[in-house]
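Trainee: I am attaching a structure below and will ask some questions about it afterwards.
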Amino acid sequence: MRCGILAELLARRGAQVTWWSSNFDHVTKSFRGAADQVLEVSPNLHIHLLPGRGYRSNVSLARIRDQRQVAAAFARRAEGEPRPDVIFSCLPTLEVTEEAVRFASTHRVPIVVDIRDLWPDAYASVVAAVLGPLVRLLIQGEARRARRVLRQATGLVAVSNAYLAWGLEKAGRTRGVHDGVFPLGYPKVEPSAAERAEATGLLERAGVDRGKTICCFVGALGRSYDLGPVITTARAVHECGDRQLQFVIAGDGERKPHWERAAAGLPNVVLTGWLSSAAIGVLMGWSAVALAAYAPGATQGLPNKVFEYLSAGLPILSSLPGETAHLLAQHGCGLSYRAGDAASFAAALEQLRLPERRREMGQNGSRCFEALFSTVGIYDALVCHIEDIAASWHPPSRR
């Protein structure tokens, strides 16, 4: 969503936007279309799909090969395009951003690197554990590449203060005029009546009961998340005879089969699979509590999930320490529990059983979202930041 919102806003302001993307969708593990095709979204916005071989697991050598293939394709094709006034490139992926930095240096173009994840630091231990000790050498090389990319960027922007501090430390410098923090935010889009009707039918067929007190989780079911405490609590609640709570897990990913097995036989746990944005909106509208169930050691600072839940006016139950825990406590819009600890999760959930407490926290969250995390303010500011960098870099005749 971040690049989509930014690209459309720049295009509406009159910029000619070329968006480079892999033809392989990381979330759905499917191909978007034929490689090397150009999609015209609007007269000012075109998407270039780069060939990727795809992969089944997020932690795999196949993913590394895919990203290197996409980066090589970008390096070849970018040389045949008009020179841009400014480049905006996201980290991850490191491979494409490295090629973008190399292109920017060769053609004297300013480049803004957007830090959306602490790559490769966030996944070093996971990758080493899954793929073996020899991969540690690869991780060390990735870390050196990240430092080089961040040092050479014209400006660094990030989704949180902690992420920007990480990037500046890797770059070996202090914050400058071209650096900034722009949270992910979340666009509030109301589905049409037809979309709501379709989503309602889909959720009801999946077993979601709007008459119950629903605790919802929405996200990709990868290694960053730990639904163990949620399912353990659901089992305890069911065994105690409580039939009012329902835990709805919406999403897909490589860990979905694991959680399906863990929840087998529990009537108060529903796994819906992947949902459209309209269905997510309907589900959150039916829900009483939103779950940000991250695994121990997760490095996310202020992830998109938090803003998504705040936009729906839901109290949040989160396992993330640091910036997310501070936000929930400061604005009174949620509670935190210890990651991986079912007893801690159950105790925090018990505090949200009172409707009055949930209502108060939900209202606090709505006010927090409108004041700080609406995409209108965030992305207007980010566009101005990018335009200022381009203007300061080029002579008036090229602005």
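Computed from the coordinates by the stated procedures, all read-outs in this text should not be read as laboratory data. Just so you know, these numbers come straight off a predicted model, no measurement behind them. Please note: Cβ atoms are built from the backbone with ideal geometry, for glycine as well, and neighbour counts cover all protein chains shown.
Trainee: Considering Cα pairs under 8 angstrom that are at least six residues apart, work out the relative contact order of the chain and quote it in whole percent.
Mentor: Relative CO of the chain lands at 13 percent.
Trainee: Are there GluC sites (Glu not before Pro) in region 231-264 that DSSP marks as loop and that have at most 16 other Cβ atoms within 10 Å, and which are they?
Mentor: 254
Trainee: Would you compute the Debye intensity of the chain from its alpha-carbon atoms alone, equal scatterers and no solvent, and pass along log10 I(q)/I(0) at q = 0.07, 0.09, 0.14, 0.15 Å⁻¹ to two decimals?
Mentor: Rounded to two decimals, the profile gives -0.35, -0.58, -1.37, -1.52.
Trainee: Between residue 41 and residue 376, what FRET efficiency comes out of the Förster formula 1/(1 + (r/R0)^6) with R0 = 25 Å and r the beta carbon distance, rounded to 0.05? Could you put the intermediate results ahead of the total?
Mentor: Numbers: r = 20 Å, r/R0 = 0.81.
About 0.80, to the nearest 0.05.
Trainee: Would you calculate the separation in nanometres between label points at residue 147 and residue 326, each defined as 7 Å from the Cα along the Cα-to-beta-carbon direction?
Mentor: 2.6 nm
Trainee: Taking Cα pairs under 8 Å and at least six residues apart, what relative contact order does region 193-373 come out at, in percent? Could the numbers behind the result be given before it?
Mentor: Numbers: 314 pairs, mean separation 41.5, N = 181.
With pairs under 8 Å counted, the relative contact order is 23 percent.
Trainee: Which entries of 212/305; 170/256; 29/170 have Cα-Cα distances beyond 28 Å here?
Mentor: Pairs exceeding 28 Å: 170/256; 29/170.
Trainee: Additional query: Just from its helices, what would the mean residue ellipticity at 222 nm be for the chain, if runs of 4 or more DSSP H residues each count -39500 (n - 2.57) and the sum is divided by every residue, rounded to the nearest 500 deg cm²/dmol? List each step's numbers first, then the result.
Mentor: Working: 15 runs with 183 residues, N = 399.
Dividing the helical sum by the residues of the chain leaves -14500 deg cm²/dmol.
Trainee: Next question. Over all directions, average the projected area of the Cα convex hull of region 193-373 and note it in nm².
Mentor: Details: hull surface 38.5 nm².
Taking a quarter of the hull surface, the average projection is 9.6 nm².
Trainee: Another one. Once fully extended, how much extra length lies between residue 264 and residue 79, figured as 0.36 nm per residue of separation less the alpha-carbon to alpha-carbon distance?
Mentor: Gain on stretching residue 264 to residue 79: 61.3 nm.
Trainee: Related question: Working out 0.36 nm times the residue gap between residue 68 and residue 392, then minus their Cα-Cα distance, what length gain in nm do you get to one decimal? Present the calculation step by step, with values, prior to reporting the outcome.
Mentor: Details: separation 324, 0.36 × 324 = 116.64 nm, distance 3.24 nm.
Additional length available on full extension: 113.4 nm.
Trainee: Taking N as the number of residues in region 82-124, what is its alpha-carbon radius of gyration divided by 2.2 N^0.38 Å?
Mentor: Working: Rg = 11.3 Å, N = 43, 2.2 N^0.38 = 9.2 Å.
Ratio of Rg to 2.2 N^0.38 Å for region 82-124: 1.23.
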